[in-house]
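The values are calculated or read from the model by the stated rules, or taken from the named source; none is laboratory data. Worth saying up front: this structure is predicted, and the values here are computed from it rather than measured. Cβ placement follows ideal geometry from the backbone for every residue including glycine, while neighbour counts extend to all protein chains displayed.
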Number of protein chains: 2
Amino acid sequence: MNLTFKQPAKSADTNDLRPENSAGYLVRDTHLLFAKALRDRLQSHQITPGQWYFLRALWDEEGLSQRELSRRVGTTEPTTVSALRLLARNGMIERVRNPKDRRTINIFLTDKARDMRSELMPVAIEVNKVATAGLSDDEFDQFRALLQKVRENLSMEDAD
Amino acid sequence: MNLTFKQPAKSADTNDLRPENSAGYLVRDTHLLFAKALRDRLQSHQITPGQWYFLRALWDEEGLSQRELSRRVGTTEPTTVSALRLLARNGMIERVRNPKDRRTINIFLTDKARDMRSELMPVAIEVNKVATAGLSDDEFDQFRALLQKVRENLSMEDAD
């Protein structure tokens, strides 16, 4: 998280896996900083990043099953279950057993959680603005394109 | 994790926070794919990504305190304590109470864990190679530079 960079390596030698040369390390560290910036801002709304990712998925589409939510948020099912339990306790979601398939539980937002969207999305927008400050439009596009390329590489692997 | 991309947005409008436009979202998703690729490969070595990050920090420098390890790995202290407990149970680390400051516990690797470095580092190198396949040297350098810029932006914020 607070990695001190020495002299930046000049060339992209993927065998030299000092942290500052490791794409995986840099991506993880960047993710942790994003999560911290988000956590700091969500605190006053009594929302943790753990809950945030589920809210965000449900704002996009309600009625998802627990399994589908796990897939979209990228969490294991036990993590999903405990995040959803917390959201239910805070009156943010309702878990509804699917009448056609009793093993499936579908997740719906409460009005309270639906209303929070307009309050909370600006928080995420602000974090992204802070993070990408000073990047030109071209650089931002390139950043997304490179992340997208890396995601594709790792996803192909995933399908093996 | 398995985000389906619609039409990619053309311009870098940071107010348009569809997932494919959110740097934070893309970084998190990329991180999750890295962690999965690592987890898949570490499984046969009986190491979880949660343990991996601590091993990696300790391969760089032994004798760190629990607090310092938490800072370097970017985890909360409870997470650190439970990861270290598991590593101790597997005979990978020794926790030594600091003779000069009884409240501090310093963490050292066992010979077994030290020896695993040469076995496990190639795993991380391979994951990075898979992830950055098809990127030119320039693109790889730019990827690191952009991540670095975003990290700096978020770290400055951190210091507020």
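In region B:50-62, the qualifying residues are those that are without any contact (Cβ under 8 Å) to a residue 60 or more places away in the chain and surrounded by 19 or more Cβ atoms within 10 Å (Cβ to Cβ), and the one that is farthest from the chain's Cα centre (by Cα) is B:58. Scanning region A:63-104 for residues that are farther than 21 Å from residue B:19 by Cα, surrounded by fewer than 18 Cβ atoms within 10 Å (Cβ to Cβ) and touching a Ser or Thr at 6+ places or on another chain (Cβ under 7 Å) turns up A:77, A:91, A:94, A:98, A:104. Checked against the criterion of being within 13 Å of chain A (Cβ to nearest Cβ), within 17 Å of residue B:127 (Cβ to Cβ) and part of a helix (DSSP H, G or I), region B:74-87 has no qualifying residue. For region B:113-124, the criterion of being at the interface with another protein chain (Cβ under 7 Å from one of its Cβ atoms) and surrounded by 16 or more Cβ atoms within 10 Å (Cβ to Cβ) is met by at least one residue. Inside region A:51-66, can you point out the residues that are more than 12 Å from chain B (Cβ to nearest Cβ) and assigned to a helix (DSSP H, G or I)? Of everything in region A:51-66, those that are more than 12 Å from chain B (Cβ to nearest Cβ) and assigned to a helix (DSSP H, G or I) turn out to be A:51, A:54, A:55, A:58, A:66. Listed conditions (1) within 7 Å of chain A (Cβ to nearest Cβ); (2) modelled with pLDDT of 90 or more are all met by residue B:11, apart from (2).
When region A:16-37 is filtered for residues that are more than 7 Å from chain B (Cβ to nearest Cβ) and either crowded, with 23+ Cβ neighbours inside 10 Å or within 12 Å of the chain's Cα centre (by Cα) (or both), only A:35 remains.
Within region B:125-160, the residues that satisfy the criterion of being in contact (Cβ under 8 Å) with a residue 60 or more places away in the chain and either more than 22 Å from residue B:71 (Cβ to Cβ) or more than 7 Å from every other protein chain (Cβ to nearest Cβ) (or both) are B:126, B:127, B:130, B:131.
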